[in-house]
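The values are calculated or read from the model by the stated rules, or taken from the named source; none is laboratory data. Please read all numbers here as calculations on a predicted model, not as lab measurements. Ideal geometry is used to build each Cβ from the backbone, glycine not excepted, and the neighbour counts take in all protein chains shown. Just the protein is used for accessible areas: all its heavy atoms, side chains included, with ligands, DNA and RNA removed. Shrake-Rupley method; radii C 1.70, N 1.55, O 1.52, S 1.80 Å.
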Amino acid sequence: MKRLRLFWLMVIAFALAILLALCGMLGFIGLSFSGSVPSTSFRVGLREAADSYAVILGDYYAANDQSWSGVERRLAAPPFTGQGNFYSYVLLDQQGDVLASTDSMHTEALLPGDEFNQSGLPAMPIAPDPPRLSNRRTPMRGPSEQADIMIHGQHIGALIVRPDFGFQDRGSDAPFNTRPDSFLWGVWRSFAIAGVGFGGLLIGLAVLFARRLTRPLRGLTKASEALAAGRLDTRVPGVRIRELDELATAFNRMAERLSSADAQRRQMTADIAHELRTPLSIIRGRLEGLQDGVYQATPEHVGGLLHETAMLERLVDDLRLLALAEAGQLPLYRESSDPHALLEGAVHAFTDQAHTQSIQFQIEAPAELPEVDVDPQRISQVLKNLLSNALRYTPIGGVVTLRAAIDPAAESTLILSVQDSGPGIEPDDLPHLFDRFWRANRSRTRGSGGSGLGLAIVKQIVEAHGGHVAVNSTIGQGTTFSIHLPIVRDEH
């Protein structure tokens, strides 16, 4: 199936609309001229013309010794004919039979040299009464008006007036008057010339507008093909048309995100390879040492291998957890949980480590706090990750404070926070805290500073619960991590 281009479809649509508009306009003008759709003013004008011309014919009848003799010549003379007269006339006698009609004569019936006196009557002798044209009333095409001709209160005949703009030659069956000197021919010719010129101008504008609409779309199509081919730096320029400009902006935003995601993917792949290589290299080296007899299979060496294996297993588990959370497939076993119990459970897990480092734990939480709808194991994992970081950066003799409170800006949210008294984090580092494999202290290694996945896991778990995590840090005063969770309100 051959597909039509949008450009030609729009041009054809514009052309059809213009053609229909011109045809409708010309048709309306034609109907107005022909009287097929007469207006009130048209009817009033026709009525007034019938009345005035009936008076003229009545004067002719009285001045002609009360006879209709020679009335054909009178109908062929002004004001019944001539420039600006667009009516046809039919004269009826008292019985309603046709005496004369402009449809049966041409305006040329008045020969050159004929002259009229001041009354409008011919100066030549009056001919005998003409024979009646028919013994029946003439059929009238289109709207018409009939005026009675009266003399001294006596009915002597009637005049029927109808519009005649040259659609037919008088006395001819031709559908249109095609004489070059006819009024309608000039009108139609003028409208045809104006219609062709105006239609051509509109078609030109239609082509211009269609091109302005389709050109950005063609550019967007080429950019999409380039993006699909892997050129992620492809962008499209903005345009003046609002909807197309919004489409271009959305495309550029999509391309930017794809480029960023591709860069993150590449970086993550490199980071994962680096993080896996280290424990695997250690394990391989020690196993080769055991195989070559360099090391003995002592509990100390086996314990080192188990430690590296455990760290490798933890790294794989963390990566799997992140993948599930980002895909929205992390299983959560929600239940109503007491915030005090969550904080105390996390503190209990690090009591010995805090005691060893001479770090004090403090819990600040009101006695009456609503429960939260969470997976307690996952939230405990979040709090433990935050406490592990806090203990890592809090100096000896420092304080780590855990708080629980209702968010003053949203009463349906509970805030759990972990604050340390460490050195704080540089402002430039704050936006990257939740990135994978990122460490604020570049000198810390996997062995001393963790895998760099802890805060990324915190963010994903909290967002899986419908909440969010925030961080606030001041150099020399410490850092505070806050997690915002929805509250479960008791409906009983």
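Which of the residues spanning the stretch 292-348 are part of a strand (DSSP E or B), open to solvent by 50 Å² or more (accessible area, probe 1.4 Å) and of a type outside the set (Asp, Glu)?
336
Checking residue 428 against (1) open to solvent by 40 Å² or more (accessible area, probe 1.4 Å); (2) at pLDDT 90 or above; (3) over 21 Å from residue 353 (Cα atoms), only one condition comes out false. Which one?
Unmet for residue 428, out of (1) open to solvent by 40 Å² or more (accessible area, probe 1.4 Å); (2) at pLDDT 90 or above; (3) over 21 Å from residue 353 (Cα atoms): (2).
If you go through the stretch 368-387 one residue at a time, do you hit one that is at pLDDT 90 or above, more than 48 Å from the chain's Cα centre (by Cα) and in a helix (DSSP H, G or I)?
yes
If only one of 129, 114, 97 is modelled with pLDDT of 85 or more, among the charged types (D, E, K, R), more than 16 Å from residue 46 (Cα to Cα) and out of contact with any Cys (no Cβ under 8 Å at 6 or more places or on another chain), which one is it?
None of the other options fit; the residue is 97.
Checking residue 282 against (1) out of contact with any helix residue (DSSP H, G or I) (no Cβ under 8 Å at 6 or more places or on another chain); (2) crowded, with 16+ Cβ neighbours inside 10 Å; (3) not acidic (Asp, Glu), only one condition comes out false. Which one?
(1)
Tally time: how many residues in the stretch 343-399 are among the charged types (D, E, K, R) and under 22 Å from residue 452 (Cα atoms)?
Residues in the stretch 343-399 being among the charged types (D, E, K, R) and under 22 Å from residue 452 (Cα atoms): 3 in total.
If we keep just the residues of the stretch 216-245 that are without any contact (Cβ under 8 Å) to a residue 24 or more places away in the chain and among the polar types (S, T, N, Q), which is nearest to residue 438 (Cα to Cα)?
234
Would you mention how many residues in the stretch 224-234 are open to solvent by 90 Å² or more (accessible area, probe 1.4 Å) and part of a loop (DSSP other than H, G, I, E, B)?
Going through the stretch 224-234 one residue at a time, the tally reaches 2.
Being at pLDDT below 85 and under 23 Å from residue 143 (Cα atoms) is the requirement here; does residue 56 meet it?
Answer is no for this residue.
Could you grab me the full set of residues in the stretch 49-98 that are aliphatic (A, V, I, L, M), crowded, with 19+ Cβ neighbours inside 10 Å and over 60 Å from the mean Cα position of the chain (by Cα)?
54, 57, 71, 75, 76, 90, 91, 92, 98
Consider residue 456 carefully, then state whether it is in a helix (DSSP H, G or I) and either modelled with pLDDT of 80 or more or more than 45 Å from the chain's Cα centre (by Cα) (or both).
Yes, satisfied.
Taking the residues in the stretch 246-263 that are farther than 25 Å from residue 435 by Cα and open to solvent by 50 Å² or more (accessible area, probe 1.4 Å) as candidates, determine which candidate is modelled with the highest pLDDT.
Taking the candidates together, the pick is 249.
Just give me the residues in the stretch 13-22 being open to solvent by less than 80 Å² (accessible area, probe 1.4 Å) and without any contact (Cβ under 8 Å) to a residue 24 or more places away in the chain, in sequence order.
Once the filter is applied, which keeps residues that are open to solvent by less than 80 Å² (accessible area, probe 1.4 Å) and without any contact (Cβ under 8 Å) to a residue 24 or more places away in the chain, the stretch 13-22 yields 13, 17, 21.
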